[in-house]
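Single-structure report; data block below.
The values are calculated or read from the model by the stated rules, or taken from the named source; none is laboratory data. Predicted model only: the values in this text are computed from it and were never measured. For neighbour counting, all protein chains shown are included, and Cβ atoms are generated from backbone atoms with ideal geometry for every residue, glycine included. The accessibility values were calculated without ligands, DNA or RNA, using every heavy atom of the protein model including side chains. Shrake-Rupley method; radii C 1.70, N 1.55, O 1.52, S 1.80 Å.
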Amino acid sequence: MSTIVYAARRIVTMNPDNPFATHVAVRDGRILGAGTLESLSGWGRFDLDEQFRDKVILPGFVEGHSHAYEGGVWKFPYVGFFERTSPDGKRSPGLKSIDEVVAALQVYEKTMPKDGSTLFAWGFDPIYFTGRRMNLGDLDKVSTERPVLVLHSNFHVLNVNTPVFARANITRHTNVHGIVKDDKGEPTGELQENTAKYLAYKAVGIDLSGLLSDEPATWGFARVAQLAGVTTATDLHNTLPDSTVLAYEKATASVDFPLRLLPAFAALAMPPDDGIARVRALRKKNSERLRYGLVKMVTDGSIQGLSARMRWPGYYDGTPNGVWNVGPDEIDRILLAYHRAGFQVHIHTNGDEASEVAIESVERALATAPRWDHRHTLQHAQMADAGQFRRMKALGMCANLFANHIFYWGDVHYARTMGPERAERMDACGTALGLGVPFAIHCDAPVTPIGPLFTAWCAVNRLTASGRVLGTAERISVADALRAITLGAAYTLKLDEELGSIDVGKRADFAILDEDPLAVPPEKLKDVPVWGTMVGGRIFQAPRT
Amino acid sequence: MIPFTVIGGFLGAGKTTLLNRLLAGAAGRRFAVLVNDFGALDIDGKLVAAHGGDTVALANGCLCCTIGDSLVETLLELLERPERFDHIVVEASGVADPARIADIAVLEPQLERDGVIVVVDAAEVQERAADRRVGDTVLRQIKAADLLVLNKIDLADDPAAVHDWLSTQAAAPILEARQADVPIDVLFGLDRYGVAGSKPDQAFRSWSYAWSEPVGREALMAMLSDTKDVLRAKGVVRFADAPDRRSIVHMVGRRIDIGDGGPWTEEESRLVLLGPKPVLGSLQRE
Ligand SMILES: [Zn+2]
Ligand SMILES: [Zn+2]
């Protein structure tokens, strides 16, 4: 029962009774206390560890909406527009044109065995490119021997080369939705629908979902989270097949696994009665680093994918309304089943019509089966307005807002999808805070990179990639943003009594930073370096590059 | 190639009733049934078992993580099984666009896209179509249909008015039904070779045509598209512009697909048509 007292430049606790400290005492993986060396000395014998005396310690960051696929995608080369960090700490530069992407793929192709094996890359992000779209000819320059597939950053669109079309039998005569054709009727190499994409994967022998959720992928996810100071992260939508459950169990069994992993069961994967039994059975496997119990429902699509369900007046550029992943009647039925069974349900809603339907669904569930402290949470809720936040507050709901969207897609929302007014109030952290709706902010990795300090920076500054400020009224303070990525997120996961602040009895989960996020200028928040983390008293230093 | 049918329609329209009828009436044909909507999993298990079929519950495609696609995945697993099926039917979820699901059969060489059948609740469809949240979904499904089943016609206040309204929404032929009681042959094909062998429902007739000389493509297409009451056509045709190929003609509702069936080896072109009698009188041989 050894006790270690860590000294730090400053400890930001998120505990209002004791907001700042210089020392924190850790025993048995838990926090014995935070204060001064003197105030902690009453706990008895301890070792003083001063390795963090120049560092700033915060509660370990909690990522309330990410996907463990983030760990698996790094098995493949990244070709995105923005710089991105892999689990081993290497930075992949952003690629700013189709030619740069092609050149990077040509270099990578040379490192591959000459056996015709498939080259798969991900993260391609052409929305800031001007001019033409990527086509077959571009990827044929990479290889005409092996299949080349490039998945876009939105994970919806896929570009391929001629060998892929040859194997998948796709020609100008293939009349299928989502196979993009040019004005002469020739397929361009772009595939936009699941069916066409899936058959392309099959034709080249890629089992993507398998590759992205095995044990090495799970480790990759934990490492990439660790680099960002994250000690707890959700895998917020998983059908949890036995193979994935086994991979999670094996990976998290190691004390060196630097993350508490919270998989959320995909409620639409099976009938509610079976799903409830499944989550109950999985809960028995819960351990310190693996926590089942969350349930996720997906109601609509995505705003930039033109598939969000919007209220009147709909898409700014006149695009027809998006699609329901599951219809309003079914949302009621499924939500009620999990609600009655005592689960907390996380509901993906991007468009404001989806948010409206979900809020009303919770209202009906509560009228049918009253329940306190359910904390049903809208995930994304990007277009929710003040009225919807007032209803969420009244119903005891939480929101997890997609602050990273402001930077990555804010310009597109302003110009094409939402128009100025609704874009100015997208991901309305200020409104949530003002109305007292408990909220978190998130990255939805691998859709955007995991990095709570970056996400907090988005909520504080609300800058788009082009430098436009979207809605100063919705900005929140650095302190509020830091709370949202720690205690706020823990609250939306019902873990706020165990995690999220540095307080007696809580887990010794820390984000260890080289600089003080409360002292740097707010516009530098994203640049605060992460030294590493502590999870349950174990130290995990981030690799330095 | 295995015929592939998608049954679409909004929640409560009667898709499952239709499936149960299909399974009950499908003597001798082995159906695999995939249900993409667990809300409707009350398919009679005994019927499925009796036909050596298979009921598989599927997840909805999730847009939050669109990496996998459980429907396509399950379907391809099904095709890899040793037992063969005469027909595969997918019951689409209540909000799915059934035409998108049918695309699988266009891409997968082992499958032959048969029809997209959309079941409509005569008593509720107009109200649903006007609903601000689901109206566009309902109309999208109706427009996706090759054949429309106007079900629960007995429950509609004004059946003729609903029928008329529906015919303004889509070009597909409309079959009125009570409790999804529709002729199985019309919906699911004559039999797997398109040769008249089964006995169509009394209200429907099948006609066989044969031509010894090559057939003009445009003339045949015009003939098929002109005769509004032909609900189905299937045949092997030697077109004048491709006399050394077997062209497989396949029509469900208003949709006509022509596929290549390899080198010409037959004695004559054959075509079987199915529709309500006696409207095919005008259809003459060339
Ligand atoms: Zn997500
Ligand atoms: Zn989502």
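Is it true that some residue in region A:332-348 is within 16 Å of ligand 1 (Cβ to nearest atom), β-branched (Val, Ile, Thr) and over 30 Å from residue A:318 (Cα atoms)? Spell out the reasoning first.
If we filter region A:332-348 for residues that are within 16 Å of ligand 1 (Cβ to nearest atom), which is where we start, we get A:345-348.
Still in the list and also β-branched (Val, Ile, Thr): A:345, A:347.
The next check asks that each one be over 30 Å from residue A:318 (Cα atoms); those that pass are A:345.
Yes, region A:332-348 contains at least one residue that is within 16 Å of ligand 1 (Cβ to nearest atom), β-branched (Val, Ile, Thr) and over 30 Å from residue A:318 (Cα atoms).
Name the single residue that is nearest to the other protein chains (Cβ to nearest Cβ) among those in region A:316-342 being in contact (Cβ under 8 Å) with a residue 60 or more places away in the chain and open to solvent by 10 Å² or more (accessible area, probe 1.4 Å).
From region A:316-342, those in contact (Cβ under 8 Å) with a residue 60 or more places away in the chain are A:316-317, A:319, A:333-334, A:337-338, A:341; that's our starting set.
So of that shortlist, the ones also open to solvent by 10 Å² or more (accessible area, probe 1.4 Å) come out as A:316-317, A:319, A:333, A:337, A:341.
Working: A:316: 18, A:317: 17, A:319: 12, A:333: 7, A:337: 11, A:341: 16 Å.
Selected residue: A:333.
Looking only at region A:158-171, which residues are within 14 Å of chain B (Cβ to nearest Cβ) and assigned to a helix (DSSP H, G or I)?
As a first pass, look at region A:158-171 and keep what is within 14 Å of chain B (Cβ to nearest Cβ): A:158, A:160, A:164-171.
Of everything in region A:158-171, those that are within 14 Å of chain B (Cβ to nearest Cβ) and assigned to a helix (DSSP H, G or I) turn out to be A:164, A:165, A:166, A:167, A:168.
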* **Residues that are more than 14 Å from the chain's Cα centre (by Cα) and among the β-branched types (Val, Ile, Thr), drawn from region B:107-158** => B:120, B:125, B:134, B:137, B:138, B:153
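Counting only residues that are touching a Ser or Thr at 6+ places or on another chain (Cβ under 8 Å) and open to solvent by 10 Å² or more (accessible area, probe 1.4 Å), which one in region A:289-314 is nearest to residue A:447 (Cα to Cα)? If you could, list the steps in order and put the result at the bottom.
In the first step, residues of region A:289-314 are kept if they are touching a Ser or Thr at 6+ places or on another chain (Cβ under 8 Å); the result is A:289-290, A:294, A:299-301, A:303-304, A:306, A:308-309.
Restricting the remaining residues to those that are open to solvent by 10 Å² or more (accessible area, probe 1.4 Å) gives A:289, A:294, A:304, A:306.
Working: A:289: 24, A:294: 20, A:304: 12, A:306: 16 Å.
Looking at the filtered set, the residue picked out is A:304.
Could you check how many residues of region A:338-392 are of a type in the set (D, E, K, R) and more than 24 Å from the chain's Cα centre (by Cα)? Steps first, answer last, please.
Going residue by residue through region A:338-392, those that are of a type in the set (D, E, K, R) are A:340, A:352-353, A:356, A:360, A:363-364, A:371, A:373, A:375, A:385, A:390-391.
Still in the list and also more than 24 Å from the chain's Cα centre (by Cα): A:340, A:360, A:363-364, A:371, A:373, A:390-391.
Number of matching residues: 8.
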* To do: Take residue A:109 and decide whether it is open to solvent by 70 Å² or more (accessible area, probe 1.4 Å) and more than 14 Å from chain B (Cβ to nearest Cβ).
  => no
* Single condition residue B:245 does not satisfy, out of (1) open to solvent by 60 Å² or more (accessible area, probe 1.4 Å); (2) touching a residue at least 24 places away in the same chain (Cβ under 8 Å); (3) assigned to a strand (DSSP E or B); (4) not aromatic (Phe, Trp, Tyr) -> (2)
* Asked: Can you spot a residue in region A:447-456 that is at pLDDT 95 or above, within 16 Å of ligand 1 (Cβ to nearest atom) and closer than 20 Å to residue A:307 by Cβ?
  -> no
* Structure fact -> Given (1) in a helix (DSSP H, G or I); (2) under 22 Å from the mean Cα position of the chain (by Cα); (3) not aliphatic (A, V, I, L, M), residue A:155 misses just (1)
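Within region A:34-44, can one find any residue that is surrounded by 24 or more Cβ atoms within 10 Å (Cβ to Cβ) and assigned to a strand (DSSP E or B)? Quick ask: steps written out before the conclusion?
Here is the first cut: in region A:34-44, the ones surrounded by 24 or more Cβ atoms within 10 Å (Cβ to Cβ) are A:34.
From what is left, the residues that are assigned to a strand (DSSP E or B) are A:34.
Checking region A:34-44: at least one residue is surrounded by 24 or more Cβ atoms within 10 Å (Cβ to Cβ) and assigned to a strand (DSSP E or B).
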* For region A:64-78, indicate whether the set of residues that are on the phi > 0 side of the Ramachandran plot, in contact with a Ser or Thr (Cβ under 8 Å, 6 or more places away or on another chain) and at pLDDT below 95 is non-empty. => no
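Taking region A:371-386 as the region of interest, how many residues are within 16 Å of ligand 2 (Cβ to nearest atom), of a type in the set (A, V, I, L, M, F, W, C) and away from chain B (no Cβ under 14 Å)?
We begin by selecting, within region A:371-386, every residue within 16 Å of ligand 2 (Cβ to nearest atom); these are A:376-384.
Within this subset, residues satisfying the condition of being of a type in the set (A, V, I, L, M, F, W, C) are A:378, A:381, A:383-384.
The next check asks that each one be away from chain B (no Cβ under 14 Å); those that pass are A:383-384.
Matching residues across region A:371-386 total 2.
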* Of (1) under 23 Å from residue A:496 (Cα atoms); (2) surrounded by fewer than 19 Cβ atoms within 10 Å (Cβ to Cβ); (3) under 31 Å from the mean Cα position of the chain (by Cα), residue A:27 satisfies all except one. Which? -> (3)
* Name the single residue, out of those in region B:68-99 being within 7 Å of another protein chain (Cβ to nearest Cβ) and free of Cβ contacts under 8 Å to residues at least 12 places away in the same chain, that is nearest to residue B:140 (Cα to Cα). => B:69
* Of all residues in region A:272-282, which are over 30 Å from residue A:533 (Cβ atoms) and surrounded by 14 or more Cβ atoms within 10 Å (Cβ to Cβ)? -> A:272, A:275, A:276, A:278, A:280
* **The listed residue being farther than 18 Å from residue A:64 by Cβ and basic (Lys, Arg), out of A:375, A:364** => A:364
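Condition check ((1) within 15 Å of ligand 1 (Cβ to nearest atom); (2) among the basic types (Lys, Arg); (3) open to solvent by less than 10 Å² (accessible area, probe 1.4 Å); (4) assigned to a loop (DSSP other than H, G, I, E, B)) across all residues:
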{"position": "A:359", "(1), (2), (3), (4)": "no, no, yes, no"}
{"position": "A:363", "(1), (2), (3), (4)": "no, no, no, no"}
{"position": "A:367", "(1), (2), (3), (4)": "no, no, no, no"}
{"position": "A:372", "(1), (2), (3), (4)": "no, no, no, yes"}
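Being farther than 26 Å from residue A:308 by Cβ and not in a loop (DSSP other than H, G, I, E, B): is that true of residue B:113 here?
Working: farther than 26 Å from residue A:308 by Cβ: yes; not in a loop (DSSP other than H, G, I, E, B): yes.
Taking the combined requirement at face value, the residue satisfies it.
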* Of the conditions (1) within 14 Å of chain B (Cβ to nearest Cβ); (2) open to solvent by less than 10 Å² (accessible area, probe 1.4 Å); (3) assigned to a loop (DSSP other than H, G, I, E, B), residue A:265 fails just one. Which one is it? -> (3)
* Restricting region A:50-84 to residues that are away from every other protein chain (no Cβ under 14 Å) and open to solvent by 40 Å² or more (accessible area, probe 1.4 Å), the residue that is farthest from residue A:8 (Cα to Cα) -> A:74
* Starting from residues that are part of a loop (DSSP other than H, G, I, E, B) and open to solvent by less than 10 Å² (accessible area, probe 1.4 Å), keep the ones in region A:224-262 and report whichever is nearest to ligand 2 (Cβ to nearest atom). => A:240
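Given the structure, is residue A:174 part of a helix (DSSP H, G or I), among the β-branched types (Val, Ile, Thr) and either buried (at least 22 other Cβ atoms within 10 Å of the Cβ) or within 13 Å of another protein chain (Cβ to nearest Cβ) (or both)? Quick ask: steps written out before the conclusion?
Values: part of a helix (DSSP H, G or I): no; among the β-branched types (Val, Ile, Thr): yes; either buried (at least 22 other Cβ atoms within 10 Å of the Cβ) or within 13 Å of another protein chain (Cβ to nearest Cβ) (or both): yes.
No.
Can you go through B:233, B:210, B:219 and tell me which one is assigned to a helix (DSSP H, G or I), open to solvent by less than 70 Å² (accessible area, probe 1.4 Å) and at pLDDT 85 or above?
Values: B:233 fails: assigned to a helix (DSSP H, G or I); B:210 fails: assigned to a helix (DSSP H, G or I).
Sole residue among the options that is assigned to a helix (DSSP H, G or I), open to solvent by less than 70 Å² (accessible area, probe 1.4 Å) and at pLDDT 85 or above: B:219.
Within region B:21-42, is even one residue within 16 Å of ligand 1 (Cβ to nearest atom), open to solvent by 30 Å² or more (accessible area, probe 1.4 Å) and modelled with pLDDT under 80?
The first filter runs over region B:21-42 and keeps only residues within 16 Å of ligand 1 (Cβ to nearest atom), leaving none.
Taking every residue of region B:21-42 in turn, none turns out to be within 16 Å of ligand 1 (Cβ to nearest atom), open to solvent by 30 Å² or more (accessible area, probe 1.4 Å) and modelled with pLDDT under 80.
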* Asked: Between residues in region A:283-296 that are not assigned by TED's automatic domain parsing to the domain that holds residue A:376 and residues that are open to solvent by less than 40 Å² (accessible area, probe 1.4 Å), which pairs lie under 9 Å by C-beta distance while being six or more apart or on different chains?
  -> none
* Considering region A:375-393 alone, what residues qualify as being buried (at least 22 other Cβ atoms within 10 Å of the Cβ) and assigned to a loop (DSSP other than H, G, I, E, B)? -> A:376, A:381, A:382, A:383, A:384
